[in-house]
Every structure is written in C-alpha cells, then in structure tokens.
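Worksheet: one structure, shown below.
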C-alpha cells in the first residue's frame, strides 16, 4: 500500500517545527508502524536527507520508549498497543497519516518526534520506591500477600512509563502515571509503610514539573498501551485524603 | 494550607465545594416545585425560609464561600492545565473526553453570569422593580414570589435565558457528578461506569426540572 | 598466557563466604572519596549503581536510553530462578548449581556458578522487599513454575513481565539514590571509549546523544553492565539499540573478550515475515510448558494444521527427548527446529517455522486456564501475526537471543584491566556454552546487588582514591580519537545506509555463524566480513552532523563495531573445534546429531586479546576444572 504522511519535523528544542509531507511506498500489511517509518527513513538517508528522528528501542511494547501521536491518538488507534506493536494491516492504501510528538509542557521536544520525558523520572525519584536497603531483608514468604492484592499491585505495576497518558490528557496531566506507582506500592504491605508520604510528594513533584491537573476525562485510560485503569487515580485520591487526615507527608 | 499547594488537594477543594453546591441546587429545585401549588405554595415556602434569617444567612455565607473557592480554584486549575499543554495537536481524536468535560470552564462562566442575573432578578429584585415580591405582598401580606416569577417568565427573552442557563448547568453537572466522586476517591472499576451514567442522568433531570418552570409559565400552564 | 580466574580455595560451598571474609573493606568515611562509573542501567547496572550509591560511593550511571528504566532487561518475560525449594520438590543450591553447569555444557566456572546459586534466594527476598509484585498463590505465598531445562519448579515470576518488574524494582532503588544525591544519572549518553591510565581503568569517554558533545568522566573504577551483542546478527530478540560498542571498545583498550562464539538462539520466537523486518519477537518459553511442538511428517505439507491428522504429525522434541520433551534446553530445541525445517518439514512463509500447539492443553485445562497463564503472549502473537493461537497453533522459529560470551572476568568480576568490572550479560562468567531459562535475571541482579559491592571494595581499598581528574593526557587523547573516528564516519559520504551494512552482516552471521557452524562456513564468514567492512568504510552514508541528535550517527558507530566484532566471533567459533551447548560444529556430532564435546582440548575459556587493528588477536586460555560436577555427556533424553 502507499501512504501519505504528515510528520512533525523540528530540528532542535528551540527551533520552530512544522508538519512535512512524505510518501511511504510499497508498505506491506505485516510491517509494524515503526518498520514503515524505517522504510521511509532509509529512503531519506539514501537521498542524503536527514531521517525522521523518533524514539524506539525494544519494539516489543515493553520498554516504553516509542512515543508518537498518530492521527490524534497517542500510540495510534489500536487499543492497548504501543506504536512499535501497531501493524500496518490497520491502515489502507491511500491513507493520510498525521504523526506528531507527545505534546505537554513537561515533555519538551528535543528533535522531530523525540521528547524529553525526564520529568517522569524525577517524579519517581521523589518517592516512587520502597526505602529498602540492599540486604538484610526478611524471607520472601515472611509477609504473606493475598493473591488479590498481588494481582491488583501487578495491574498497576504494568505501567511502562511511556507518557501516553500525559500526551492524551487535554491537561497534560501525569495522574495516571503517578497513580499507577502509588497504587502499586500502597497495595503491598512492603510499600504501605511510606504510602502517605509517597502520595503527597509524588503529586507535589508532578505539579512542580509542569504537568496539569486531572479533570477526570479518562483520555489517559483510553490511550494507555498497558490498559492501566483510572480506578487507580481514585485510589490515589483516597490515599491522598487518608494522608491528609493523618497529617500530611510528614507522618 | 498545605493541601491546596497540591494538585490533588486543589481538585478536592473543587469536588467538595462543587458537591456542596450540587446539594444546594437539588434543594433549590425541590423548593421550587412549590411553585406548582400556586401562590400559596411558594409564597408560604419563601416566607418560611425568610423567617429563620440566621439560618438562611449562614447558608448563604457558606454557599458564597463554596462558590468563591470553586470559582477561584476552577480558574486557577484551568490556567494551570492550559499552561501544561501549550501546543495543540494538528489533529486530535478524543476517545473518552466529553464535550461537557472539556468545556467546564465555559459552562461554569455561563452559570456564574446567569447566577448574577438570577440574584439581581429574584433575590435583590432590582431588575424589574414593578413586580418585586418584597414590594408587592400578596393578599396574606407575604412577599408575592409567585406573581414575580410568573410575570418574569412570561417574557420570552427571560424564559430563553433560563432555558439556556439550565442547559449550561446540565452540561456542567453531567461531568461534575462523576468527576467529583472520582476526585473524592469514591469510585472503583465497577462503579465508575454506573456513576458516570448516573451522573449524566441526574444532571439531565436537574436541568429539566428547572427548565419546567419557565416553560410551564411561558406555555401558560402556570398562571 | 594461562589466565587465572582467582577462585578462592576450599570446598565450593565455603568459597564465597571465606572470600568475603578475606576481602578488604573501604571504611564508611572513605567511601565518598571514591567515584565509580556504571555503564548501562539494566538489571546488573541499576542494581549495582543503586547498591554502590547506598553504600556511600559517588556513582555516575550512564545509559543510551532516555530513562534508566528502559534497558532491555525490561523485556524478559518468563521468570527468575532461585534455589528456595519452596515447593519442596527437591531443589537446593547444589542442584541449581549443578543444573546450570550441566545446562552450560560444562563450559562455565564452577565457583562462579555456585556463588550465583547461593545468592539466588537473597535476590527474591530483596525484590519482594522492594515491592516487586511476584505471582502469589491463594494462601499468599510466592508461586513457582518450572521452566525450560529444569525438572524442579524454581522459577519466580510476575505474569509474563518478570524482567520488567525486577528492573522497575532496581530502577526504583536507583531513583532513591539519585534523589539522595549518591548517584548521578546520565541518560541519552553513550560510552564510546574506556580510558586506561597506567594499566588501570580510570574513566570513560562518552557522547551526549542530544548535544553531540564528546566528554570524559574520570573515576576510581568502571563497571560495564552493557548487555550482550546479539544484534551482530541484525535480527535478534534484543532491543534495537543493543550493541557491542562499550565492551568492544574496552576490548580494544586491553580487556580480554571471552567465548564470543557462545551465542544463544532462542527456540520460541515469532518467525520472520520479510526483508523489512527490524527485529524478532520472543515469546516466553514458558509456553513450552503447555504447548506441544510439531511439524508435518510429509515434506512441504501445505494443509492447514487442523487438517493434518495426529499420525501425520511429528512431535519431534517428544520423540527425540522423551524425558524432557517440549522442555528440552534452548540450544537443543532450537537446533531441532532448524533441523526439521532444513529437512523440508517447516511451516509458514518460506518453510521457516514449526507449530507450537495448544489444542491439547486447551482441551485438557480449558481455554480460560490457558488464557490466564499466557493471555498476554497470545495477544502479542495475534497483534504481530494476525492469527488466533487459541484456534490454530502458533508458528515459532528460533532467533538470536542471548550472548553467553562477553568480557573475561575473574571471580571478582574484574576484567583483565584492573579497575574495570563487568557485570551481567556483558561478562562471560556464569552460563558456559548455553544459558538456562530464567537464569539471566538471576545473574544480572546477583552481580549487581550481592557480588560487586564486596569485590569492588577489595579493589578500591588497595588502589586508593584517585583525584587526578580528566586533565591527564590519556583522557585528552581518548576524546581526540573518538572525535576523529566520528569525523571519519561522517566524511565517507557513500551510497549505502548503515542499516544496509548491518543487514548484510547479519545475513552472513546467521547463515555461516548461526545455529550450526562448520570450518567451511566459518572460513567463508572470515573471508566475507573483512570484505564487507572494507566496503563499509568506503561506501557508508551518514546524513546530518555530529553536534546534534543524530540517530544515524549512533547507528553507524555501532555497526562499525559489529563489523569488527563479528570477525572475532567467527574466529572464536573456528578456534573451538568441538561442539558444546549453543556452539554446534557440524564436524562434531553423534550419529543422532547431538553435540560432541572435546574435553581434552577445549575444556577452557578462550579469551582474546586485541593486538592491533589489522592483526590477529592473541588467544589466552583459562583452564576449567570440575571438582563438584562430573564432566559428562549432557543428555536430555
């Protein structure tokens, strides 16, 4: 199939960007979306032009590196699918495709489709962990965890940190990302101890990094390639209220 | 206050203040149904309300505070949200966000403007002094709220303003009922769709309920 | 030179304990005077950086991804082994040790493997304490499953995303140390050279991938945790960015490269569909617990699988290996698949695939149970192939997956350059000639959490802190050389892309140095690789400049190193004139096609020393001795 692409090109963080038109020729249904871009890029390189820069690494939908808004939807229109796992059989000959980077103040564009997501790392650094030392921990079975809790924690822990939730959110909020970590750790006895502090500092850091507030639109859930549910945002809100009742982050 | 320095804290202020106002709106709607019992109904209701002025004024004060908080944080959150998304996509395809949800600030502004008019009209009664209930008691000496309302809604423009305002209120509530419950953490995977649907139905019922008054008057059913 | 692995003496079960006691320590007050560089933030790198930072060292951690959390450890699906014996099915430290040595076809260092088995239990405890949501049973206890090549259930797992959860655990520990100021992170930064001063590793030269700036970092020790080199095959299950550059450039600075020919080809991957393919996708071999592998008995049978009756199917793994059946180790399963496909029984496009059939398991256990166990894998399979594996068998084919070879290290994980430590897949140490399933995660975390903190202190305590910084001539020279080589690549201005060369190299490697090798094929490869390399240096095209984010420049540098390294790999494969584990020489097999080792001549680690760009590397041997496991013919029949 042959496609027309409108791709965001921006030479650097300070430069102005614009959509440029490209043709993708002889694309087969078995190709992944990124393999389609590889084909376009290889042609660009051969003709001495700069290829389209985009983030990608594992190409199995788990590393969270790929990040493209395709026709207005982060990771494209397939549910629970990252761009690297999106296949061309979902497109038709003659289609026009818009490809844009994640857009949010907290994700400045570095080049073309590549954005800087270090703000998510800094949120994690603020409190997305259990403060455990290496060594000197009890046996793995010393604290029993109900299967339901372990499963819930795992549901939340599946977040790949790609930032699609932020890209999809009309407010550029990172609530689903933060909620996934807060809920994951608060559900487990090991993470429970620091739950109050964690929810306070992580949400504060979120605001500090320039992310917006949650307006409960749930675009994040629709865009999440791992199907993280907004029930975890409700869980975060509960944890926050609980923390406030106990006296805030210093408890 | 530490809590309002936090994004979730601010949202909680919105949810709690919003919920307080929703409670008021529902009470107001129920109170207004006395209109259907004719002058005796609503005029008696109004007199009863005004007879315990201490309570009335504390309610008004509370509502004013909730309103002020809601407006202040509503604007602030919206500005923050706009700042967090400085550049729009060339194409946007919303898959979950609703028209109501995305336009909360505008329906909110409309409701605010309407509220001002509504207070001037029926509470302070300065827009149409010739039908002011306070200045025109009924046969029993009570402020004649019934006549004031009926005469107001007979004007097509006034009725239209009320219908439009209630549409804005309906849209505002359609998002805000589920949203405030979610923000308060009173939501789960199974309850979310129920609450979302229930919220929309409740919003429609409330808006329709209010709309019946100007419509009934304008159509001549209430006279 | 005969290499010394520096294994402590004494009974194997006491070696590590005694060694820990004998090693020198750095006092808490002195730790902050030392700077340690950790390159790579996968399981080994993150766990090492977090632990060393927590101990009080100044740690600088580097990764080429945009976040430490994205290293390819994240893609490991199946699980992590530990000798906990929770299921009471006869497991022990010794059995895990024994299985790993046997699984590696007796080409690993006994003492290292035993130590790995010893710390395996601590890893699970550590991860649980970090909040890793391992699978649990209804009583709340940790759940276990069996995994390829093991007869006990010792594998801990978190759905099909064990690697992800373990890495996020290590990443969270790392994040905590970053906030505490003990670790400084450098994402989007690629190591391009090792700086050696007076024979010791004293720093690295890196390229900032956003600004293009080349700069040096000085330290008292360097830990390479940069993973494996399987992208030398172009198509592999590794991430697109996976490369040999860090280890290869360390090799060029004097670190010995050990056993590069030990390359694992994983049996359960989704087959190739065409030339456009950029990488191959692995599906956890836990699928083999319930799936049955077969091909049609009739050559070139094009009937759809459900129309082929039972008696016309060849369940070749069950036929050849009755006791392990579909759970035979990876190297054996992969080779068996290649054999039946070479023989014309393959299915799917190009006849390069075998069926992995769940019909029996679905009938026995119900579709729901299968969905619970493998739902995410079935979904992934459908996303890629557009086929529903609940209704028709999966098609699978082996794909390059894991490098057992790597930089040579001694028992302390120190390479042949003092001060250069190598952890995880980047080193050669624990898996011999073949790695068993669920052992890679164990090794990465074992090295990072529980081994390097002790052994690096021993080195640092002896060498003393070094405050000389990056002003020394060795650093300046390293920057100049790195910049010159980038300029050279940019100036070629030929007509082929880096990717085209990579694909061509991969073709040579897969055909000549892949699952099976022979003197002829290896000599063929050794002839063609230098030709391709010569063409590369004349005809590669790199658009853009160096002072900018330039993904083609990143790629071309990695391909250049693969073109060098591929030759070393082939040379090692030619040297190892025996079959062992994943290294299968056609000349050395039994009548039924099983590997035949030559213990008399090849019971050694082959470690190669760089001697110059156009000169043959020098071979050093480390003799392997087996005192606790009897050298035997590995049999899974």
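The values are calculated or read from the model by the stated rules, or taken from the named source; none is laboratory data. In this text the structure is predicted, and so the values were computed from the model without any measurement. As a convention, Cβ positions derive from the backbone with ideal geometry for all residues, glycine included, and neighbour counts pool all protein chains shown.
Residues in the range A:218-229 that are within 7 Å of chain B (Cβ to nearest Cβ) and surrounded by 24 or more Cβ atoms within 10 Å (Cβ to Cβ): how many?
The qualifying residues number 2.
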Query raised in the report: Considering the range B:173-209 alone, what residues qualify as being more than 14 Å from every other protein chain (Cβ to nearest Cβ), loosely packed, with under 15 Cβ neighbours inside 10 Å and touching a helix residue (DSSP H, G or I) at 6+ places or on another chain (Cβ under 7 Å)?
Result: B:204
Requested in this report: Would you mention how many residues in the range C:46-99 are touching a helix residue (DSSP H, G or I) at 6+ places or on another chain (Cβ under 7 Å) and assigned to a helix (DSSP H, G or I)?
Outcome: 18
Report task. Restrict the check to the range C:246-255 and report whether at least one residue is within 14 Å of chain A (Cβ to nearest Cβ), assigned to a loop (DSSP other than H, G, I, E, B) and surrounded by fewer than 24 Cβ atoms within 10 Å (Cβ to Cβ). Result -> no
Query raised in the report: How about the range A:35-60: which of its residues are within 7 Å of chain C (Cβ to nearest Cβ) and out of contact with any strand residue (DSSP E or B) (no Cβ under 8 Å at 6 or more places or on another chain)?
Result: A:35, A:38, A:49, A:50, A:51, A:56, A:57, A:58
Query - Residue among A:240, A:211 that alone is in contact with a strand residue (DSSP E or B) (Cβ under 8 Å, 6 or more places away or on another chain), in the same structural domain as residue A:176 (by TED's automatic domain parsing), modelled with pLDDT of 95 or more and surrounded by 24 or more Cβ atoms within 10 Å (Cβ to Cβ) - result: A:211
Report summary line: Only one of (1) surrounded by fewer than 20 Cβ atoms within 10 Å (Cβ to Cβ); (2) more than 14 Å from chain A (Cβ to nearest Cβ); (3) not in a helix (DSSP H, G or I) does not apply to residue B:212, and that is (3)
Report task. Looking for whichever is assigned to a helix (DSSP H, G or I), modelled with pLDDT of 95 or more, at negative phi and within 8 Å of chain C (Cβ to nearest Cβ) here; the options are A:144, A:176, A:185. Which one fits? Result -> A:185
**Report entry** the range A:1-34: number of residues that are at the interface with chain C (Cβ under 9 Å from one of its Cβ atoms) and in contact with a strand residue (DSSP E or B) (Cβ under 8 Å, 6 or more places away or on another chain)
**Finding:** 8
Query - Test: residue A:77 is modelled with pLDDT of 95 or more, out of contact with any helix residue (DSSP H, G or I) (no Cβ under 6 Å at 6 or more places or on another chain), within 14 Å of chain B (Cβ to nearest Cβ) and assigned to a loop (DSSP other than H, G, I, E, B) - result: no
Report task. Would you check if there is a residue in the range C:547-569 being surrounded by fewer than 16 Cβ atoms within 10 Å (Cβ to Cβ) and in contact with a helix residue (DSSP H, G or I) (Cβ under 9 Å, 6 or more places away or on another chain)? Result -> no
Query raised in the report: Of B:30, B:12, B:61, B:55, which residue is within 14 Å of chain A (Cβ to nearest Cβ) and out of contact with any strand residue (DSSP E or B) (no Cβ under 6 Å at 6 or more places or on another chain)?
Result: B:12
Query raised in the report: Only one residue in A:178, A:182, A:230 is more than 22 Å from residue B:5 (Cβ to Cβ) and free of Cβ contacts under 8 Å to residues at least 60 places away in the same chain. Which one?
Result: A:230
Requested in this report: State the number of residues belonging to the range C:325-355 that are in a loop (DSSP other than H, G, I, E, B) and either under 28 Å from the mean Cα position of the chain (by Cα) or on the phi < 0 side of the Ramachandran plot (or both).
Outcome: 8
Report task. Take residue B:102 and decide whether it is facing chain A (nearest Cβ under 10 Å), under 24 Å from the mean Cα position of the chain (by Cα), touching a residue at least 24 places away in the same chain (Cβ under 8 Å) and surrounded by fewer than 17 Cβ atoms within 10 Å (Cβ to Cβ). Result -> no
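Of the residues in the range C:256-281, how many are part of a loop (DSSP other than H, G, I, E, B) and either away from every other protein chain (no Cβ under 14 Å) or within 15 Å of the chain's Cα centre (by Cα) (or both)?
Summing the residues that are part of a loop (DSSP other than H, G, I, E, B) and either away from every other protein chain (no Cβ under 14 Å) or within 15 Å of the chain's Cα centre (by Cα) (or both) in the range C:256-281 gives 5.
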Query raised in the report: When residue C:32 is evaluated against the numbered criteria (1) touching a helix residue (DSSP H, G or I) at 6+ places or on another chain (Cβ under 7 Å); (2) surrounded by fewer than 17 Cβ atoms within 10 Å (Cβ to Cβ); (3) farther than 26 Å from residue C:114 by Cα, which criterion, by number, is the only one it fails?
Result: (1)
Report task. Within the range A:41-58, work out how many residues are within 25 Å of the chain's Cα centre (by Cα) and surrounded by fewer than 19 Cβ atoms within 10 Å (Cβ to Cβ). Result -> 0
Query raised in the report: Is it the case that residue C:226 is within 23 Å of residue C:508 (Cα to Cα) and assigned to a loop (DSSP other than H, G, I, E, B)?
Result: no
Report summary line: When restricted to C:320, C:297, the only residue more than 14 Å from every other protein chain (Cβ to nearest Cβ), modelled with pLDDT of 95 or more, under 26 Å from residue C:511 (Cα atoms) and surrounded by fewer than 23 Cβ atoms within 10 Å (Cβ to Cβ) is C:297
**Report entry** Matching residues, the range C:283-324, being part of a loop (DSSP other than H, G, I, E, B) and farther than 21 Å from residue C:388 by Cβ
**Finding:** C:297, C:298, C:299, C:300, C:301, C:309, C:315, C:321, C:322, C:323, C:324
**Report entry** Criterion: out of contact with any helix residue (DSSP H, G or I) (no Cβ under 6 Å at 6 or more places or on another chain), modelled with pLDDT of 95 or more, away from chain A (no Cβ under 14 Å) and in a loop (DSSP other than H, G, I, E, B) - qualifying residue of C:577, C:601
**Finding:** C:577
Requested in this report: May I ask you to verify whether residue A:151 is surrounded by fewer than 23 Cβ atoms within 10 Å (Cβ to Cβ), farther than 20 Å from residue C:167 by Cα and within 11 Å of chain C (Cβ to nearest Cβ)?
Outcome: no
**Report entry** In the range B:119-137, the residues that are crowded, with 16+ Cβ neighbours inside 10 Å and assigned to a helix (DSSP H, G or I)
**Finding:** B:121, B:122, B:131
Query - Residues (part of a loop (DSSP other than H, G, I, E, B), more than 7 Å from chain C (Cβ to nearest Cβ) and in contact with a strand residue (DSSP E or B) (Cβ under 7 Å, 6 or more places away or on another chain)) located in the range A:111-141 - result: A:112, A:113, A:116
